[in-house]
1. Say we look at region 30-81 and pick out the residues that are small (Gly, Ala, Ser) and under 11 Å from the mean Cα position of the chain (by Cα); which of these is nearest to PRO113 (Cα to Cα)?
2. Can you name the residue in region 70-129 that is charged (D, E, K, R) and touching a Phe, Trp or Tyr at 6+ places or on another chain (Cβ under 8 Å) and, of all such residues, is surrounded by the most Cβ atoms within 10 Å (Cβ to Cβ)?
3. Quick one: VAL132 ticks every box in (1) surrounded by 14 or more Cβ atoms within 10 Å (Cβ to Cβ); (2) of a type in the set (Val, Ile, Thr); (3) over 15 Å from ALA35 (Cβ atoms) bar one, so which box is it?
4. Considering region 119-158 alone, what residues qualify as being of a type in the set (Val, Ile, Thr) and modelled with pLDDT of 70 or more?
5. Between a residue in region 33-56 that is modelled with pLDDT of 90 or more and any residue that is surrounded by fewer than 19 Cβ atoms within 10 Å (Cβ to Cβ) and hydroxyl-bearing (Ser, Thr, Tyr), which pairs come within a Cβ distance under 6 Å, given they are 6 or more apart or on different chains?
6. Looking only at region 26-73, count every residue that is hydroxyl-bearing (Ser, Thr, Tyr) and in a helix (DSSP H, G or I) and tell me the total.
Amino acid sequence: MKEALCNRFHMLVGTQKCPPKGGATSMYNRRERVAHLIKSEVSAMILKELKDPRIGFVSVTEVEVSGDLRYATVFFTVLGENKAVESTIAALEHASGYVRREIANRLRLRYAPEIRFKYDDVFRRAWHLEEVIRSLHDSDGTSAAEEEERAQGRADTN
């Protein structure tokens, strides 16, 4: 009965079904499930409920939950300049109490996890790395279009 309710909930929410119980990995799976649910709830809250004008265009990239489910670190990215990032960080830290209370109410956990927001600059680093690679290609005297034509030529001959 409980598994049927769990599967029905996940079907309505659009997430994966609950994995079967048992074994040493059940705590690990629970931590993953809680992290996934926190990610979806925090994303929805940022999109629909937090009305702070300092919050920019935010995407929640990942949530890490401690083993005892008492701490959750929410990683996010922001579209914009450094000023937008700083103001968004301040606004999210200010709203962390509200987010924690709402997570406790919605997920009905025994202990409400302490929510920490951490800026994830992985996309900026990837963009910078891509720029470095492009500049190396440009310094070789070949453009990206020439590289694509060569790759197409090789693919056509095979």
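The values are calculated or read from the model by the stated rules, or taken from the named source; none is laboratory data. Source: prediction; values computed, not measured. Counting neighbours? That spans all protein chains shown, and the Cβs are built from the backbone with ideal geometry, glycine included.
1. Pass one, region 30-81, residues small (Gly, Ala, Ser): 35, 40, 43-44, 56, 59, 66-67, 72, 80.
This time we only want the ones that are under 11 Å from the mean Cα position of the chain (by Cα), so: 35, 40, 43, 59.
Numbers: ALA35: 10, SER40: 15, SER43: 16, SER59: 20 Å.
Checking each candidate, the answer is ALA35.
2. Taking region 70-129 first, the residues charged (D, E, K, R) are 70, 81, 83, 86, 93, 100-102, 106, 108, 110, 114, 116, 118, 120-121, 124-125.
This time we only want the ones that are touching a Phe, Trp or Tyr at 6+ places or on another chain (Cβ under 8 Å), so: 70, 93, 114, 116, 118, 120.
Working: ARG70: 13, GLU93: 12, GLU114: 13, ARG116: 14, LYS118: 14, ASP120: 17.
My answer is ASP120.
3. (1)
4. To start, the set of residues in region 119-158 that are of a type in the set (Val, Ile, Thr) comprises 122, 132-133, 142, 157.
VAL122, VAL132, ILE133, listed by residue number.
5. From region 33-56, the pairs are ARG54/SER87.
6. Filtering region 26-73 for residues hydroxyl-bearing (Ser, Thr, Tyr) gives 26, 28, 40, 43, 59, 61, 66, 71, 73.
Checking which are in a helix (DSSP H, G or I) leaves us with 26, 28, 40, 43.
The number of residues fulfilling the criteria is 4.
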